[in-house]
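All remarks here apply to the structure that follows.
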Amino acid sequence: QVQLVESGGGLVQPGGSLRLSCAASRNIASIYAMGWYRQAPGKQRELVADSISGGSTNYADSVKGRFTISRDNANNMVYLQMDSLKPEDTAVYFCNARVRLPNLWTDYWGQGTQVTVSS
């Protein structure tokens, strides 16, 4: 089991920045991947960025060059630095942990934090 708690969301103007934080209840160095997803009203949840245990990262095309995912394994924290925010970034952002079990992958989710980009 992995409990995840997000924080750092809020209201920001277009072009502004926010830093989201995700605190995990266990050693994230032992988790295959940590990531951030987002879901806007009426839309499917989509991958924003993830960080694989081996060091690689992946980003949605829409956020490349603007968002950065990072880990602090010693403190079981994952961050999403969001710069140059656009109104279309408005969504609930969820922290995700993907764990490999003997015969399946299991995803754990935080409760979400609202990000609203508006002038």
note = Env charge @ S17, Cβ radius under 14 Å, K,R +1 / D,E -1, value +1
message = Under the rule that an exposed site lies in a DSSP loop and has at most 13 other Cβ atoms within 10 Å, name the longest stretch of the chain with no trypsin sites (Lys or Arg not before Pro) of that kind, not counting the sites themselves.
response = 65-119
query = Contour minus end-to-end for T68 and T116, with contour as 0.36 nm per residue of separation and end-to-end as the Cα-Cα distance?
reply = 15.5 nm
ask   = To the nearest 20 debye, what is the magnitude of the charge dipole of the chain about its Cα centre, counting +1 on the Cβ of each Lys and Arg and -1 on the Cβ of each Asp and Glu?
value = 120
task = Could you pull the Cα extents of the chain along its three principal axes, largest to smallest, in whole Å?
result = 47, 30, 24
ask   = What is the extension gain from Q44 to D83, computed as 0.36 nm multiplied by their sequence separation minus the C-alpha to C-alpha distance, in nm to one decimal?
value = 11.7 nm
Efficiency of FRET between S56 and S7 - r from beta-carbon atoms, R0 22 angstrom, step 0.05 = 0.30
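All of the numbers you see were taken from the coordinates with simple rules; none came from a lab. Being a predicted model, the structure only gives us computed values, none of them experimental. Positions of Cβ are generated from backbone atoms using ideal geometry, with glycine treated the same way; all protein chains shown enter the neighbour counts.
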